[in-house]
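Working notes, structure below.
The values are calculated or read from the model by the stated rules, or taken from the named source; none is laboratory data. Keep in mind it's a predicted model, so treat the numbers as computed, not measured. Quick reminder, even Gly has a Cβ in these numbers, built from the backbone with ideal geometry, and neighbours come from all protein chains shown. The accessibility values were calculated without ligands, DNA or RNA, using every heavy atom of the protein model including side chains. Shrake-Rupley method; radii C 1.70, N 1.55, O 1.52, S 1.80 Å.
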There are 2 protein chains.
Amino acid sequence: MSVPETIIFTRGVPATESFPTEDMAIAAQEAIRAHGDTILQYGSAFGFQPLREWLAKWHDADAENVLCSNGSLQIIEFICTLLLQTNSRTVFVEAPTYDRTITILRKYGAEIVSIPLQSDGPDMAALEAALRKHRPRFFYIIPDFQNPAGATCSGEKRRQLVALAREHGFLLLEDSPYRELRYRGEAQPCLRELAPEKVMQFSSFSKLIGPGPRLGYVIGPQNLLKEIAREAENNYITPGLLAHGSVYEFCRAGKLPAQIEKLKKLYAPRLEATLTALDEYLPESEPTRPDGGFFLSLTLPEGVTTMDVRARAAEVNLQLADGRGFFADGGGERFLRLPFCALTPQQLQVGVARLADVVRRTA
Amino acid sequence: MSVPETIIFTRGVPATESFPTEDMAIAAQEAIRAHGDTILQYGSAFGFQPLREWLAKWHDADAENVLCSNGSLQIIEFICTLLLQTNSRTVFVEAPTYDRTITILRKYGAEIVSIPLQSDGPDMAALEAALRKHRPRFFYIIPDFQNPAGATCSGEKRRQLVALAREHGFLLLEDSPYRELRYRGEAQPCLRELAPEKVMQFSSFSKLIGPGPRLGYVIGPQNLLKEIAREAENNYITPGLLAHGSVYEFCRAGKLPAQIEKLKKLYAPRLEATLTALDEYLPESEPTRPDGGFFLSLTLPEGVTTMDVRARAAEVNLQLADGRGFFADGGGERFLRLPFCALTPQQLQVGVARLADVVRRTA
């Protein structure tokens, strides 16, 4: 008897076949030849200046409002170092939210308040109720194709969010690594466009080119960026300029739009295949139906926990993540995230069928 | 009247003309073509496996005892996260020592005890006296061509250090980025070779290839490396694999030995030019006379502080670092570090002559 292929639904990694390998090989060589004196040397903790300028133009911002780092997660850690070293350590997150951010917030002793996430963004009544009780330093939010839920915040809620941020004096940390990967529908304005003075917007090239170079960036108010740069310099002196220069050359050569189109063509059918398989094999699961990104999610039937399903799934070579890891305040026992980008439509169909079988046997 | 050229004696940066630009351009392209699936993707927090194996071979260690990061400074921060989150936060450093390490130690609330540095390494009587009063978590030490002093630890003191580490149960953090840059004389064994179970040895390619890629590494006991990898993953998920791969290809192609020889040929005359100029213009300064590395240091005449000299030096376009920044427990008012690698012999002569003039006018 042959062992069935392992299907991994645990990590939100991009598809290896999506990487623009040859274009990046050319870009890296070009970058070192053209900018070797700069990108092989120590430099500014704000990152490679031509890349800051390119990103500023792309995002309709000023270069002085852009700081490039080694991935965006570490910038969140710098912000925690800056903003949570006081007695006031309350922060808001969506429930569910990105598990690695929860880990960082806990490391810095944050008092985390979870705002339930709905299919069109945070529950605004719950947010307003929480604001009557707490004064958060910031609200960490993933408005586009949320990780892990797959929800996208509506335009109306975005406007309410920035109004509340202004009224109550908290920052919005807008994490938007998936924003460019919209497979259908129209984009809503990002929070930063609506209130540049109250928003730190993060993004990275991890989902567009590849995570290995480690290139995240933040767009935000200059006074905060200066403090982040000081923290960054104390931590790593200079960010990875070889990566900054290589990605810059890739972008300068005009390769990014075609790369994003390639990703959409690769990933949209994977999302469709997952939804089709769920409709066929697990019609009662009512998954989120995202318009882009890396993830959809569903709630397991009453009485069936992700923990139980995980254990049985492992026996049939199906790897699932524990839903509770995405909830900072408890809950999530029946929450299941399905990352669909790094699996082929065929693998996704097999994985969902296997999942349905395990769920039935667990119920 | 022409403005005199600014001479910068403040930062320990490599000479830009030392970078192996074309070889690195080729290596980066090769790396992405050969290993793109790995180095453009997420990966292990231990770093790019072929690089770990190459480094292990170079340093006569096992690959499982090597962890590669984004520069070595950040690894020191991970170690502080691991070892100083207790009530026992005493650490020993040399006086003077690397100022950026002092900044990190302070960030983690370390109780820093300074052991005076002599021309042949730490003052062992002072170290033994300190060990009668304190139980340090670790002793951070730069045995080869110390930053900022330029001193190198003798073989006898190295053996005493590891004996004391074993007897008193503390770790030695051996920072050795300059070790390969020996311009004369014979190398002493590194501390790790003498006591691999008690030493975490750091190094990087910042002084050998260039700092811009950010590639530092640590060789040490596997149990500690596993904890560092966990901290690293929580901080940046994956280190900069594009840089890891590029440096790996450079090394695999056999380019490193010739590059190190090139650096020695470039830097040794700069050290000589600095010492010759000091003997000529400031014969009373008694500088350290290092056998390699990036720095020498001297003590200004009685009554003359670096602060006073700095202010006057700035007026004649000579930039000097405040000596006190290298002393964690106070002192260093008359200490002056002279980094000589990024200046030409001509600039070094001009700089020392200008320094001598300012010192005379300050005295």
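In the stretch B:98-120, which residue that is charged (D, E, K, R) and more than 11 Å from chain A (Cβ to nearest Cβ) is farthest from B:Ile79 (Cα to Cα)? The selected residue is B:Asp120.
When A:Thr81 is tested against (1) open to solvent by 30 Å² or more (accessible area, probe 1.4 Å); (2) of a type in the set (Ser, Thr, Tyr); (3) within 19 Å of A:Gly216 (Cβ to Cβ), only condition (1) is not met. If only residues of the stretch B:204-227 that are polar (S, T, N, Q) and away from every other protein chain (no Cβ under 11 Å) are counted, the one that is farthest from B:Gln49 (Cα to Cα) is B:Asn223. Pairs linking a residue in the stretch B:244-271 that is of a type in the set (S, T, N, Q) to a residue that is not in a helix (DSSP H, G or I), with Cβ atoms under 7 Å and 6 or more positions apart or on different chains, are B:Ser246/B:Pro213; B:Gln259/B:Pro20; B:Gln259/B:Leu208; B:Gln259/B:Ile209. Test A:Glu280 against the criterion of being more than 22 Å from B:His244 (Cα to Cα), under 22 Å from the mean Cα position of the chain (by Cα), away from chain B (no Cβ under 14 Å) and not aliphatic (A, V, I, L, M), and give yes or no. The answer is no for A:Glu280. Scanning the stretch B:230-239 for residues that are open to solvent by 10 Å² or more (accessible area, probe 1.4 Å) and either within 23 Å of the chain's Cα centre (by Cα) or aromatic (Phe, Trp, Tyr) (or both) turns up just one, B:Glu231. Looking across the stretch A:36-78, the residues that are surrounded by 19 or more Cβ atoms within 10 Å (Cβ to Cβ), facing chain B (nearest Cβ under 9 Å) and part of a helix (DSSP H, G or I) come down to A:Gly36, A:Thr38, A:Ile39, A:Leu73, A:Gln74, A:Glu77. The number of residues in the stretch A:50-104 being touching a His at 6+ places or on another chain (Cβ under 6 Å) and closer than 17 Å to A:Pro213 by Cβ comes to 2. On the stretch given as the stretch A:176-202, residues that are part of a loop (DSSP other than H, G, I, E, B), open to solvent by 10 Å² or more (accessible area, probe 1.4 Å) and over 19 Å from A:Leu271 (Cα atoms) total 5. For the stretch A:305-324, the criterion of a residue being out of contact with any Gly (no Cβ under 7 Å at 6 or more places or on another chain), surrounded by fewer than 20 Cβ atoms within 10 Å (Cβ to Cβ), without any contact (Cβ under 8 Å) to a residue 12 or more places away in the chain and at positive phi is satisfied by no position. Within the stretch B:2-16, does at least one residue satisfy the condition of being within 30 Å of B:Leu131 (Cα to Cα) and open to solvent by 30 Å² or more (accessible area, probe 1.4 Å)? Scanning the stretch B:2-16, I find no residue that is within 30 Å of B:Leu131 (Cα to Cα) and open to solvent by 30 Å² or more (accessible area, probe 1.4 Å), so the answer is no.
Counting just the residues of the stretch B:17-35 that are among the charged types (D, E, K, R), more than 7 Å from every other protein chain (Cβ to nearest Cβ) and in contact with a helix residue (DSSP H, G or I) (Cβ under 7 Å, 6 or more places away or on another chain), which one comes out least open to solvent (accessible area, probe 1.4 Å)?
My answer is B:Asp23.
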